[in-house]
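The values are calculated or read from the model by the stated rules, or taken from the named source; none is laboratory data. If you're wondering where the values come from, they're calculated on a predicted model, not measured in any experiment. Every residue, glycine among them, receives a Cβ derived from its backbone with ideal geometry; neighbour counts consider all protein chains shown. Heads up: the accessible areas ignore ligands, DNA and RNA and are worked out on the full protein's heavy atoms, side chains in. Shrake-Rupley method; radii C 1.70, N 1.55, O 1.52, S 1.80 Å.
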Amino acid sequence: MSMPDAVPKQEAGVATPPVHVAIIMDGNGRWAAARGLPRREGHRRGVEALRNIVKAAGEIGIKYLTIYSFSSENWSRPADEIEDLMGLLKRFVRNDLADLHKNDIRVRIIGERASLKPDIHALLDEAEELTKNNAGPTLVVAFNYGAQQEIVEAARKLAEQVAGGKLSPAEIDVAKLSAHLLTHDIPDPDLIIRTSGEQRLSNFLLWQAAYAELVFVPIHWPDFDKAALEAAIGEFHKRERRFGGLTAKARV
Ligand code: IPE
Ligand code: IPE
Ligand code: MG
């Protein structure tokens, strides 16, 4: 006799989630200002939102989650805000790394690391090292990251190979440049979400975003939750990705 609760959990026709979702976590300051709170409080609540979204992404089955947490240009903010952001990163790694590791999450950091303070540098190294053999989802943290700087660095490496006689200029192609990006072993994002209503990339994954679907949501980052992530993924599924070609529908 069939019981009503015997319905399979994964119903036929359920769309598979995008492999790689990248998020520009924006709007912490405005979230705080709207409540008469200091920006610091917005950033603190932003870390809580991040914790929930990492968990939700795992539940949804997202294999790569990239988060933009500090840009190369964010150094132009007031010194006390930078201090707050660095403090939050340190606390996040110290408090959450063990849990991420327990959940089999592999942490990857992209961005310029050499010029960071030694304690931050060491924590980022530790997060990558501890989790490098984990087989679960990958959490890519873009910290002190700038896409233009990343592309310049890749171009410099290719130029050095050319100068050393190891590569001819004619051999330089998309694959060779990609191989020198910080994301060389990470698939390009399928979906890029930006919160807070701003509609720009702010130097985030410019090369890798070539065929990403962009979804801009009006919610400020501290209020972004699993339902909002699912809604953005729902929007992604409505899009028709063509990669420069024609879809089956257009071909007939
Ligand atoms: C995102 O929130 C966090 C970082 C950029 C580090 P913002 O701090 O940019 O918040 P708004 O854009 O001023 O509201
Ligand atoms: C982009 O947000 C950087 C991060 C979310 C870490 P910003 O708030 O710095 O971007 P702009 O200045 O509004 O373009
Ligand atoms: Mg902002």
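Condition check for residue 168 on (1) farther than 30 Å from residue 43 by Cα; (2) buried (at least 16 other Cβ atoms within 10 Å of the Cβ); (3) of a type outside the set (D, E, K, R): one failure, at (2).
Looking only at residues of the stretch 118-135 that are small (Gly, Ala, Ser) and under 14 Å from residue 103 (Cα atoms), we find that the one that is most open to solvent (accessible area, probe 1.4 Å) is 135. Restricting the stretch 198-216 to residues that are within 16 Å of ligand 3 (Cβ to nearest atom) and part of a loop (DSSP other than H, G, I, E, B), the residue that is most open to solvent (accessible area, probe 1.4 Å) is 199. Scoring residue 133 on the criteria (1) in a loop (DSSP other than H, G, I, E, B); (2) under 19 Å from residue 112 (Cβ atoms); (3) of a type outside the set (Lys, Arg) leaves a single failure, condition (2). For the residues 233, 193, 186, the requirement of being part of a strand (DSSP E or B), open to solvent by less than 40 Å² (accessible area, probe 1.4 Å) and in contact (Cβ under 8 Å) with a residue 60 or more places away in the chain singles out 193. Any residue at all in the stretch 163-176 that's within 16 Å of ligand 3 (Cβ to nearest atom) and either touching a strand residue (DSSP E or B) at 6+ places or on another chain (Cβ under 9 Å) or over 13 Å from residue 110 (Cα atoms) (or both)? Looking through the stretch 163-176, none of the residues is within 16 Å of ligand 3 (Cβ to nearest atom) and either touching a strand residue (DSSP E or B) at 6+ places or on another chain (Cβ under 9 Å) or over 13 Å from residue 110 (Cα atoms) (or both). Regarding the stretch 26-48, can at least one residue be identified that is within 18 Å of residue 204 (Cβ to Cβ), outside any helix (DSSP H, G or I), in contact with a Ser or Thr (Cβ under 8 Å, 6 or more places away or on another chain) and charged (D, E, K, R)? Within the stretch 26-48, one or more residues are within 18 Å of residue 204 (Cβ to Cβ), outside any helix (DSSP H, G or I), in contact with a Ser or Thr (Cβ under 8 Å, 6 or more places away or on another chain) and charged (D, E, K, R). Could you tell me whether the stretch 144-165 includes any residue that is touching a residue at least 40 places away in the same chain (Cβ under 8 Å) and away from ligand 2 (no atom under 16 Å from the Cβ)? Yes: the stretch 144-165 contains one or more residues that are touching a residue at least 40 places away in the same chain (Cβ under 8 Å) and away from ligand 2 (no atom under 16 Å from the Cβ). Consider residue 62 carefully, then state whether it is more than 16 Å from ligand 3 (Cβ to nearest atom) and either surrounded by 14 or more Cβ atoms within 10 Å (Cβ to Cβ) or farther than 18 Å from residue 107 by Cβ (or both). So residue 62 passes the test. Per the listing 76, 72, the residue uniquely within 16 Å of ligand 2 (Cβ to nearest atom), closer than 22 Å to residue 196 by Cβ, under 16 Å from the mean Cα position of the chain (by Cα) and at pLDDT 95 or above is 72. Quick check on residue 181: is it touching a residue at least 12 places away in the same chain (Cβ under 8 Å) and of a type in the set (A, V, I, L, M, F, W, C)? Here the answer is yes, as residue 181 does meet what is asked.
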